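Engineer: Quick one: the structure is below, questions incoming.
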Amino acid sequence: MKKIYRTRLGLFYLGEKPLFCAQMKAFLSHIALAMGGEKDKIWVQKRVLQQIIITRDEFIMRFRAGLLFIAIFWLSAGFPVKAESRQSDLDNIRISVSFLELRLAEALETIGEKSNLGITFNDADIRSDKKVSYHAVNASARKVLKDVLYGTGLRFGLQGENIIIYKDQGDPIKGTVYDSGSGEPLMGTTISIPGTGLGTTSGFDGEFALTAEEFPVKIRISYLGYETQEIVVSSPDDHLEISLVAVNEELKEVVVTALGISREEKSLGYAVGEVSGTSMNESKRMNITNALAGKVAGVQIRNVSSDPGSSSLITIRGASSINGDNQPLFVIDGIPVNSNNQNAESSGEGYVDYGNTSMDISPDDIAEITVLKGAAAALYGSRAANGVILITTKKGRSGKKGLGISYNSAVKMDKAWLYPDFQNQFAAGSDIMAVDENGVPVATGTSTWGPRIEPGVQAVQTLPGGKTTVAALKAYPDRYKDFFEVGYTLTNNISVTGNYDKGSFRLSYTNLQNEGIVPGTNYKKNGFNLNSTYKIADDLTVSAMANFSISDSDNRPTQGKSGESDNATEVVYRLTPNTDIKDYKSYWEEGLEGLQQKTLDGGDNPYFTAFEQQNQFRRNRLFGKLQLNYQINETMNLQFRSGIDTYQEQRVTKRAFSSLEFPNGAYGNKIMGFTETNLDALFTYTPKTEGDFDASISLGANRMDQKQYYTRAFSGQLEIPQFYNISNAAAGSVENSDGHSRKRINSVYGLMQLAYRDFLFLDLSARNDWSSTLPPKNNSYFYPSASLSFIFSEAFHLNSPVFSFGRFRMSWSEVGNDTSPYQLTNTYGFDDWGDLKLAQNNQTLKNNHLKPEKTRVVELGFDLRWLQNRLGLDVALYRNKTFNQIISLPIAQSSGGTSKVINAGEIQNQGIEITLNATPVKNAGFSWNLSTNFSKNENKVNALYGDMESIQLGSATGIYQRLYVDGAIGDFYDERTPSRVASGPDKGRYILEDGMFVRDNSWVKTGNSTPDFTMGMTNIFNYKNFRLAFTVDWSQGGEFYNYTAKNLMSDGRIGFTTAYRDPQSGGLSFEYAGMPRTDGAVIPGVILNEDGTYRENDVALPAPYYYGEYWDYEEFHMSTATYIKLRELSFGYTFTDIRWADNLSVDIIGNDLISWFAYKTKRNRDGFVTGDYDKGYDPETQNYLSSAGPLGITQGVSAWQLPATRSIGIKLSANF
């Protein structure tokens, strides 16, 4: 028997990889046995040459404790640093051998001699009858040993100058089971040795360990809904990576569901939507929410503006909350995170969109997104009432063994292209008939009702700074285009992945830089993401995820109604045709830099607005988790998880001297913070069952704590120009405010899954929350759910070459929801009254009898597949009812307030979702995959409060949002409407008096902001190494209120207003106010006679008054919201035969390259234009920013939004 006496403490190299923990224990055990030591003792020789003896169990216990302490930091560093690489020695030694039926022991000795190395083995481990035949010329010693020992169950390694051969008795076969489609681990997979009764199941992370008595051995891997595999394992050397293929691959069998549990899709009794990380990153959107547009049935995405850094709104199966934001819960790797702070905020007269906090997540870090609806979201509790967006980030295990590097870079250019139909025929002025004392036409002021612009026409005009002069009139048709710049977004991401036996990690860095189309605006972000997993022991795994980002901007664009001051878009749109914007680029008066701008007539200089009225912000954010998974035994698993989401954001407002709103400048500083922590535990029991039934039971608990705060100081008057600090505020001008809130929810929940013969699945779940925001007697609320999935194609054996799969599903669930903090007790606010402090009662009275909101959901659906799953149809029908809504209703002021918080209202959403997937072409060189979805939701107000028929939710720039019983959320109303003839031959015609509309002051519905239906279609073509992908998004129906067009029309700025201004444009000659005019226009309609009959209206109005009649009636300013967009386009080529990279892809990418809007001028029976008179607006981005509501955003109201843009760029991706 040959022996070895040398060893060393720390890192051992056997085969190709370092050994830790169990491997070290096994190796030391073999060394001790080889030296004749006792099996229960381990000898460790220290550097000081002292010898100590510890029991093996004590050694293992201490070793595990140390690993647990350093696990996260170790994973972050990647692979352990090697003291030396002995494996490379065997690779570098070249030998030639030739055996023919030679005994294995003799063959090993020959290899040792040829290698000039000693060789050590135990004769008992070598079968005396084992003979080998082998031939190799100039091969590495490692390859020769590996080939010769194949199938013997023996291992080898190099220690010093000796090759060690040993048999690792009792070491289990270890591996991980994955889904071949998604790469997600499969928990509960059965791994067995046929004919022996030996077997086990995979744990939470898909990992397993199975002890075999001898090698080689055949193992069988089986999982419900997947093809069973049988493989031969020659030795327990390697960690097996097993990918199971779903029986119906097109179903994408494994999906991530509530609580992060991976499930087979066919076992789910409810609809879920999935979008891959590749699809999310197709065109490099800044906001991941935008990348979902058109890709998931039942999900409506709305960009607040065309700026890439703007907010995006998500609605899943319609709006259900009257006063809430109706936004879903975001969950990243099992941790709920905040995605909707107060996005919009006042910056003087305008408002700034600071974007969703969901922008802090880099698309390059996303592996997959799953959308949970209805019963699917119930287990997430109160905040899941509006659905859940589950984000799974990329992990190291999806990469190759060892280290891997990925680099992604993209640059996109943004070009504004859609503008209002500005007129260039008539100059500035309030009256086309106006002249000065010399008879020269006057073309000054903010309106554009002035003289016609023709060659040789002289007029009084305004110069930059306010002085006037007489000069030839000239139009500048590109005045608005010359202001907006070409924006760009540059994104770079690099990630390093490590994948080794005991774990994996992925560390990535993202840098994003954006310059907006408004001069001086930008957005910057630096983000770091770490995702790591380490297997401390066979039964204990620790994983960690952390995402840290720094987002900031030197200036975010102001939007919304600003009174020609803060919003550069409004200032530019108000430019008169005879104004050359280039004259205003140098915006300071000479010699008065920093003190006085070159003003426009009635407005700030647009360049002064862009560069000197700044809205800065900076947000530092961290979210992440630490998770432990303990596989108690083959049937029980315990998971502990701690998560945090915290950020601090600073918003700074700067206004220079001489602005119209703040002549002496202004400065504001607001700091706001948010922290949420979640602690949860989940116990899962998957009993071993015999026969036709399978089961799984999970029990869990969660504690959520939220803290929010803000502090704000603002002054509208500074002492020193361009010194922006609150200490520079004029005495008595500082406004201070601050606030904070806290909230806690404690929860317990359970989930049971039952399966019968792989075709009938029943899920039952229950959750109970205790919320700190509700009164003690009502703060506990319980909500259950149940779902059933029946695979009738399996039950009745209906599978055929034509029909592949059939499933029926149904679900019922109830979800509770609480309210925001401090809604139970009346509070006082403080204000200044002269030099006294004034305490004021809050005008919204609180209610300490509030009950939780409840939402009940019923869903039915079916899933059909044909032609080996190349054609699939999924249909879902649902009905949601949300009742006991927590809303604020108006009350009599005699009650001590103007409104009161109560439980009231029932909102119903019902609809249909259809998804069609097809692979029309699939062969060796070409494939075409098509996915189409259709969604239609009907919203209805079933009840309000008692006998109350209507309530007003809010108003914006003249339009009102009101709820009526049998109405819908999103309805627009106006109290001013033109009177119409009620009956007779003139029914429906306008009634006029003195040439103007007779007003009817009754509430009239003017439209609704929600679409009738939405559709999305994604096509992916692959031809060899070429790839083309594009997504089309269609939103049909709905209206938006166009305050921008209304304002432009009232001032004569758009093409619609050029008629009737003079005889050349159809103006009538008439006398008005004792003066002859030639700009007459008659509103078609009737005049009421004294006898009750009607006669035709023949009273002419001057053109400005004619168009001015439109102003008071909002129904004229409603525009259709239908659009079809080419949301995303990607065309690229992948280079694979590259020596220095695994692959390299180059793509041309684009967003919104083609858009179609269904504008069609509306006319009544008399030909009078009643809507859609201007077509230069993107319906999707017409959203009014304000300080009202939970988000500060009112959908479907246009008020000086940025023009629509097209984006095109190039993307590069490489893997090493």
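The values are calculated or read from the model by the stated rules, or taken from the named source; none is laboratory data. Here the structure is a predicted model, which is why all the values come from computation and not from measurement. Because the Cβ atoms are built from the backbone with ideal geometry, glycine has one as well, and the counts that use them run over all protein chains shown.
Engineer: Only one residue in ASP974, ASP1000, ASP947 is of a type in the set (D, E, K, R) and surrounded by 20 or more Cβ atoms within 10 Å (Cβ to Cβ). Which one?
Structural biologist: Working: ASP1000 fails: surrounded by 20 or more Cβ atoms within 10 Å (Cβ to Cβ); ASP947 fails: surrounded by 20 or more Cβ atoms within 10 Å (Cβ to Cβ).
Answer to the selection: ASP974.
Engineer: Can I ask one more? Identify all residues within region 1125-1143 that are buried (at least 18 other Cβ atoms within 10 Å of the Cβ) and out of contact with any Lys or Arg (no Cβ under 7 Å at 6 or more places or on another chain); write none if there are none. Break it down stepwise before answering.
Structural biologist: First, the residues of region 1125-1143 that are buried (at least 18 other Cβ atoms within 10 Å of the Cβ): 1125-1130, 1132.
Residues satisfying the conditions are LYS1125, LEU1126, ARG1127, GLU1128, LEU1129, SER1130.
Engineer: ILE907: at pLDDT 90 or above and either surrounded by fewer than 16 Cβ atoms within 10 Å (Cβ to Cβ) or not assigned by TED's automatic domain parsing to the domain that holds TYR1107 (or both), yes or no? Walk me through it before giving the result.
Structural biologist: On the way: at pLDDT 90 or above: yes; either surrounded by fewer than 16 Cβ atoms within 10 Å (Cβ to Cβ) or not assigned by TED's automatic domain parsing to the domain that holds TYR1107 (or both): yes.
Yes; evaluated as a whole, the condition is true for this residue.
Engineer: Also, quick follow-up: Test each condition in (1) assigned to a helix (DSSP H, G or I); (2) modelled with pLDDT under 85 for PRO80 and report the one that comes out false.
Structural biologist: In the conditions (1) assigned to a helix (DSSP H, G or I); (2) modelled with pLDDT under 85, PRO80 misses (1) alone.
Engineer: Name the strands (runs of 3 or more DSSP E) wholly within region 949-1031 that hold at least 1 residues that are among the aliphatic types (A, V, I, L, M) and either in contact with a Gly (Cβ under 8 Å, 6 or more places away or on another chain) or over 30 Å from ARG1095 (Cα atoms) (or both)?
Structural biologist: Fully inside region 949-1031 and qualifying: 950-956, 959-964, 991-993, 1013-1023.
Engineer: Could you please find all residues in region 550-562 being touching a Leu at 6+ places or on another chain (Cβ under 8 Å) and either modelled with pLDDT of 95 or more or part of a loop (DSSP other than H, G, I, E, B) (or both)? Step through it out loud before you land on a result.
Structural biologist: Step one: list which residues in region 550-562 are touching a Leu at 6+ places or on another chain (Cβ under 8 Å), which gives 557, 559-560.
Result: PRO557, GLY560.
Residue-wise test of (1) over 30 Å from ALA568 (Cβ atoms); (2) surrounded by 22 or more Cβ atoms within 10 Å (Cβ to Cβ); (3) hydrophobic (A, V, I, L, M, F, W, C).
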| site | (1), (2), (3) |
| --- | --- |
| ASN1025 | yes, no, no |
| LEU1028 | yes, no, yes |
| SER1035 | no, yes, no |
| ASN1042 | no, yes, no |
| LEU1048 | no, yes, yes |
| TYR1072 | yes, no, no |
| ARG1077 | yes, no, no |
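Engineer: Which members of region 262-298 meet the condition of being at positive phi and among the charged types (D, E, K, R)?
Structural biologist: Scanning region 262-298 gives a single hit, LYS284.
Engineer: Do you know which residues across region 1160-1214 are surrounded by fewer than 21 Cβ atoms within 10 Å (Cβ to Cβ) and acidic (Asp, Glu)?
Structural biologist: ASP1166
Engineer: Within region 843-870, which residues are within 26 Å of TRP770 (Cβ to Cβ) and among the polar types (S, T, N, Q)? First the steps, then the outcome.
Structural biologist: Of region 843-870, the ones within 26 Å of TRP770 (Cβ to Cβ) are 844-857.
Passing the criteria: THR844, ASN847, ASN848, THR855.
Engineer: Based on this model, can you work out whether VAL921 counts as within 30 Å of ASN880 (Cα to Cα), among the aliphatic types (A, V, I, L, M), assigned to a strand (DSSP E or B) and in contact with a Phe, Trp or Tyr (Cβ under 8 Å, 6 or more places away or on another chain)? Outline the logic, then answer.
Structural biologist: On the way: within 30 Å of ASN880 (Cα to Cα): no; among the aliphatic types (A, V, I, L, M): yes; assigned to a strand (DSSP E or B): yes; in contact with a Phe, Trp or Tyr (Cβ under 8 Å, 6 or more places away or on another chain): yes.
Considered against the rule, which asks whether it is within 30 Å of ASN880 (Cα to Cα), among the aliphatic types (A, V, I, L, M), assigned to a strand (DSSP E or B) and in contact with a Phe, Trp or Tyr (Cβ under 8 Å, 6 or more places away or on another chain), VAL921 comes out as no.
Engineer: Return yes when ILE912 is assigned to a strand (DSSP E or B) and buried (at least 19 other Cβ atoms within 10 Å of the Cβ) and no when it is not.
Structural biologist: Working: assigned to a strand (DSSP E or B): yes; buried (at least 19 other Cβ atoms within 10 Å of the Cβ): no.
In short, no.
Engineer: Considering only region 268-279, state which residues are of a type outside the set (Asp, Glu) and in contact with an Asp or Glu (Cβ under 8 Å, 6 or more places away or on another chain). Spell out how you get there, then give the answer.
Structural biologist: Of region 268-279, the ones of a type outside the set (Asp, Glu) are 268-273, 275-279.
Across region 268-279, the qualifying residues are LEU268, GLY269, TYR270, ALA271, VAL272, VAL275, SER276, GLY277.
Engineer: Could you check how many residues of region 240-263 are over 24 Å from the mean Cα position of the chain (by Cα) and at pLDDT 75 or above?
Structural biologist: Filtering region 240-263 down to residues over 24 Å from the mean Cα position of the chain (by Cα) leaves 240-250.
If we keep only those that are at pLDDT 75 or above as well, we get 240-245.
Of the residues in that region, 6 qualify.
Residue-by-condition table, conditions (1) of a type in the set (D, E, K, R); (2) at pLDDT 95 or above:
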| residue | (1), (2) |
| --- | --- |
| LEU1068 | no, yes |
| MET1075 | no, no |
| VAL1086 | no, yes |
| PRO1104 | no, yes |
| ALA1158 | no, no |
| LYS1175 | yes, no |
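Engineer: Right, next: With respect to SER737, is the statement that it is touching a strand residue (DSSP E or B) at 6+ places or on another chain (Cβ under 8 Å) and surrounded by 15 or more Cβ atoms within 10 Å (Cβ to Cβ) true?
Structural biologist: Working: touching a strand residue (DSSP E or B) at 6+ places or on another chain (Cβ under 8 Å): yes; surrounded by 15 or more Cβ atoms within 10 Å (Cβ to Cβ): no.
So SER737 does not fit the description; no.
Engineer: Kindly establish whether PHE1157 is closer than 28 Å to PRO420 by Cβ, hydrophobic (A, V, I, L, M, F, W, C), under 28 Å from the mean Cα position of the chain (by Cα) and surrounded by fewer than 22 Cβ atoms within 10 Å (Cβ to Cβ).
Structural biologist: yes
Engineer: Sticking with this structure for a sec: Among the residues of region 487-517, which ones are part of a loop (DSSP other than H, G, I, E, B) and either under 28 Å from GLY602 (Cα atoms) or in contact with a Leu (Cβ under 8 Å, 6 or more places away or on another chain) (or both)? Before the answer, list the steps.
Structural biologist: Quick first cut of region 487-517, residues part of a loop (DSSP other than H, G, I, E, B) only: 501-502, 516-517.
GLY516, ILE517 - these are the residues of region 487-517 that are part of a loop (DSSP other than H, G, I, E, B) and either under 28 Å from GLY602 (Cα atoms) or in contact with a Leu (Cβ under 8 Å, 6 or more places away or on another chain) (or both).
Engineer: Within region 572-596, restricting attention to residues that are in a loop (DSSP other than H, G, I, E, B) and of a type in the set (Asp, Glu), which residue is nearest to ASN1047 (Cα to Cα)? Steps first, please.
Structural biologist: Within region 572-596, the first condition is being in a loop (DSSP other than H, G, I, E, B), and the residues that meet it are 574-580, 585-587, 589-596.
Now drop any that are not of a type in the set (Asp, Glu), which leaves 580, 589-590, 593.
Numbers: ASP580: 21, GLU589: 30, GLU590: 33, GLU593: 33 Å.
In this case the residue turns out to be ASP580.
Engineer: Right, something else. Under 6 Å between Cβ atoms, at least 6 apart or on separate chains: pull out the pairs that start in region 1101-1124 with a residue that is assigned by TED's automatic domain parsing to the domain that holds PHE997 and end on any residue that is part of a helix (DSSP H, G or I) and aliphatic (A, V, I, L, M).
Structural biologist: Partner pairs satisfying both residue conditions: TYR1107/MET1049.
Engineer: Tell me the residue from THR825, THR819 that is in contact with a strand residue (DSSP E or B) (Cβ under 8 Å, 6 or more places away or on another chain), hydroxyl-bearing (Ser, Thr, Tyr) and on the phi < 0 side of the Ramachandran plot, please.
Structural biologist: Working: THR825 fails: in contact with a strand residue (DSSP E or B) (Cβ under 8 Å, 6 or more places away or on another chain).
Exactly one of THR825, THR819 is in contact with a strand residue (DSSP E or B) (Cβ under 8 Å, 6 or more places away or on another chain), hydroxyl-bearing (Ser, Thr, Tyr) and on the phi < 0 side of the Ramachandran plot, namely THR819.
Engineer: Restricting attention to region 389-397, does a residue exist that is over 30 Å from ILE316 (Cα atoms) and out of contact with any Cys (no Cβ under 6 Å at 6 or more places or on another chain)? Working first, answer last.
Structural biologist: Our first condition is that a residue be over 30 Å from ILE316 (Cα atoms); within region 389-397, this holds for 396-397.
So of that shortlist, the ones also out of contact with any Cys (no Cβ under 6 Å at 6 or more places or on another chain) come out as 396-397.
Looking through region 389-397, at least one residue is over 30 Å from ILE316 (Cα atoms) and out of contact with any Cys (no Cβ under 6 Å at 6 or more places or on another chain).
Engineer: Here's something else I'd like to know. Might you check whether a residue that is surrounded by fewer than 24 Cβ atoms within 10 Å (Cβ to Cβ), part of a helix (DSSP H, G or I), of a type in the set (Phe, Trp, Tyr) and in contact (Cβ under 8 Å) with a residue 40 or more places away in the chain occurs anywhere in region 597-607?
Structural biologist: Quick first cut of region 597-607, residues surrounded by fewer than 24 Cβ atoms within 10 Å (Cβ to Cβ) only: 598-599, 601-603, 607.
Going one step further and asking which of them are part of a helix (DSSP H, G or I), we end up with 607.
Restricting the remaining residues to those that are of a type in the set (Phe, Trp, Tyr) gives 607.
Restricting the remaining residues to those that are in contact (Cβ under 8 Å) with a residue 40 or more places away in the chain gives 607.
Among the residues of region 597-607, at least one is surrounded by fewer than 24 Cβ atoms within 10 Å (Cβ to Cβ), part of a helix (DSSP H, G or I), of a type in the set (Phe, Trp, Tyr) and in contact (Cβ under 8 Å) with a residue 40 or more places away in the chain, which makes the answer yes.
Results for (1) closer than 25 Å to GLN327 by Cβ; (2) not β-branched (Val, Ile, Thr); (3) not assigned by TED's automatic domain parsing to the domain that holds ALA1059, shown as yes or no for each residue.
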site	(1), (2), (3)
LYS1162	no, yes, no
TYR1173	no, yes, yes
PRO1179	yes, yes, yes
ASN1183	yes, yes, yes
SER1186	yes, yes, yes
TRP1200	yes, yes, yes
LYS1211	no, yes, yes
